[in-house]
Amino acid sequence: MTGRQRSPVMILTVLFLMAVFVFLAYSNTLHSPFVFDDVHNIVDNPYVRVKHLSFESFSEAERKSPTSSRWLPNISLALNFYLGGIAVEGYHLVNITIHILCGIVLYYLTRATLSLLPQFRVKGNVEKIAFFASLLWLLHPVQTNGVTYIVQRMT
């Protein structure tokens, strides 16, 4: 497809493939236990143990958790607890989902950047390069810590 945009179905297929590869790579971590800072920030942290959805409970999780400067991860941990309690699988699933969403953002950013360069636009390699660059980032071993170690969603 030289010089043309791919169809929405093709783009959705590419995004779906990225998600499948990531899930296959990290699905073996779904049952990994809480370790290191997970215990301090989740298991032993009463402020993320949200029992009902309210501004006050999430505000408390944000402000009173051990890492109070990390408000968004604290709120996400509290929401994780609200939805699934202390079951570790839910926390890992959220980390994998966040990683997939970051890869999708990287895919679109790479496509947009490469589309500005005529040498890539003419040859029609923009989507291929964006796909493989995103896939390389998603599956690179350096990402293991950020995906499998629950508290590392703060990164």
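The values are calculated or read from the model by the stated rules, or taken from the named source; none is laboratory data. Everything numeric in this text was worked out from a predicted model, so none of it was measured. Note: ideal-geometry Cβ built from the backbone for every residue, glycine included; neighbour counts use all protein chains shown. For accessibility, only protein heavy atoms count, side chains too; no ligands or nucleic acids. Shrake-Rupley method; radii C 1.70, N 1.55, O 1.52, S 1.80 Å.
Does segment 60-77 contain any residue that is free of Cβ contacts under 8 Å to residues at least 24 places away in the same chain, assigned to a helix (DSSP H, G or I), small (G, A, S) and open to solvent by less than 40 Å² (accessible area, probe 1.4 Å)? Yes. Please work out if E127 is surrounded by 17 or more Cβ atoms within 10 Å (Cβ to Cβ) and either among the charged types (D, E, K, R) or without any contact (Cβ under 8 Å) to a residue 12 or more places away in the chain (or both). Yes: the conditions hold for E127.
Scanning segment 81-109 for residues that are without any contact (Cβ under 8 Å) to a residue 40 or more places away in the chain, closer than 14 Å to G146 by Cα and open to solvent by 70 Å² or more (accessible area, probe 1.4 Å) gives a single hit, L101. Do the conditions hold for V151, that is, is it within 27 Å of I42 (Cβ to Cβ) and open to solvent by less than 70 Å² (accessible area, probe 1.4 Å)? Criteria met by V151. Taken over segment 4-53, residues that are open to solvent by less than 50 Å² (accessible area, probe 1.4 Å), over 20 Å from G103 (Cβ atoms), touching a residue at least 40 places away in the same chain (Cβ under 8 Å) and of a type in the set (V, I, T) amount to 2. List pairs: first residue in segment 134-155 and hydroxyl-bearing (S, T, Y), second residue surrounded by fewer than 17 Cβ atoms within 10 Å (Cβ to Cβ) anywhere in the structure, Cβ distance under 6 angstrom, at least six positions apart or on different chains. Final answer for the pair search is T155/G146.
Do the conditions hold for V35, that is, is it under 12 Å from V151 (Cβ atoms) and part of a loop (DSSP other than H, G, I, E, B)? Criteria met by V35.
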